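What follows is a set of notes on a single structure, which appears directly below.
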Amino acid sequence: MNAREKAEILRFYENYCYQISMYLLGNEELACESIKKTFLLLAIDPLFFNEPHVAQKAQAKRYIINTSLQLLNK
């Protein structure tokens, strides 16, 4: 899978992650930072891009919640 295909998959989850992060943080700047960190983690996860959609969505949700809460606790 090339970088363009990976970017398309990540873009598919962008709004979903943004909604979760904004709900948790209530701050657009922190939400964007959380999404960046989440997508970097997902991009280097060797299994993420080979999983079915349901598993990808669950993984994205776990990562965005964790990164959002880390930013909230700073």
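The values are calculated or read from the model by the stated rules, or taken from the named source; none is laboratory data. Bear in mind that the values here come from a model prediction, so they are computed numbers and not experimental data. Using ideal geometry, Cβ is built from the backbone for each residue, glycine included, and neighbour counts are taken over all protein chains shown. Side chains included, ligands, DNA and RNA excluded: accessible areas come from the protein's heavy atoms. Shrake-Rupley method; radii C 1.70, N 1.55, O 1.52, S 1.80 Å.
Apart from one condition, LYS61 fits all of (1) loosely packed, with under 14 Cβ neighbours inside 10 Å; (2) outside any loop (DSSP other than H, G, I, E, B); the exception is (1).
Open to solvent by 80 Å² or more (accessible area, probe 1.4 Å), within 10 Å of the chain's Cα centre (by Cα) and without any contact (Cβ under 8 Å) to a residue 60 or more places away in the chain: does that describe LEU40? Judged against the criteria, LEU40 is a match. Filtering segment 43-58 to residues that are aromatic (Phe, Trp, Tyr) and either within 19 Å of LEU72 (Cα to Cα) or open to solvent by 70 Å² or more (accessible area, probe 1.4 Å) (or both) leaves nothing.
Which residue is nearest to TYR13 (Cα to Cα), if the candidates are limited to segment 28-48 and must be acidic (Asp, Glu) and in a helix (DSSP H, G or I)? Filtering segment 28-48 for residues that are acidic (Asp, Glu) and in a helix (DSSP H, G or I), the one nearest to TYR13 (Cα to Cα) comes out as GLU33.
Count of segment 15-37 residues, restricted to those that are open to solvent by 60 Å² or more (accessible area, probe 1.4 Å), within 8 Å of the chain's Cα centre (by Cα) and either at positive phi or touching a residue at least 24 places away in the same chain (Cβ under 8 Å) (or both), is 1.
Going by what's in this entry, would LEU10 be described as open to solvent by 40 Å² or more (accessible area, probe 1.4 Å) and closer than 12 Å to GLN59 by Cα?
Judged against the criteria, LEU10 is not a match.
Restricting attention to segment 35-74, the residues that are closer than 11 Å to SER21 by Cα and among the acidic types (Asp, Glu) add up to 0.
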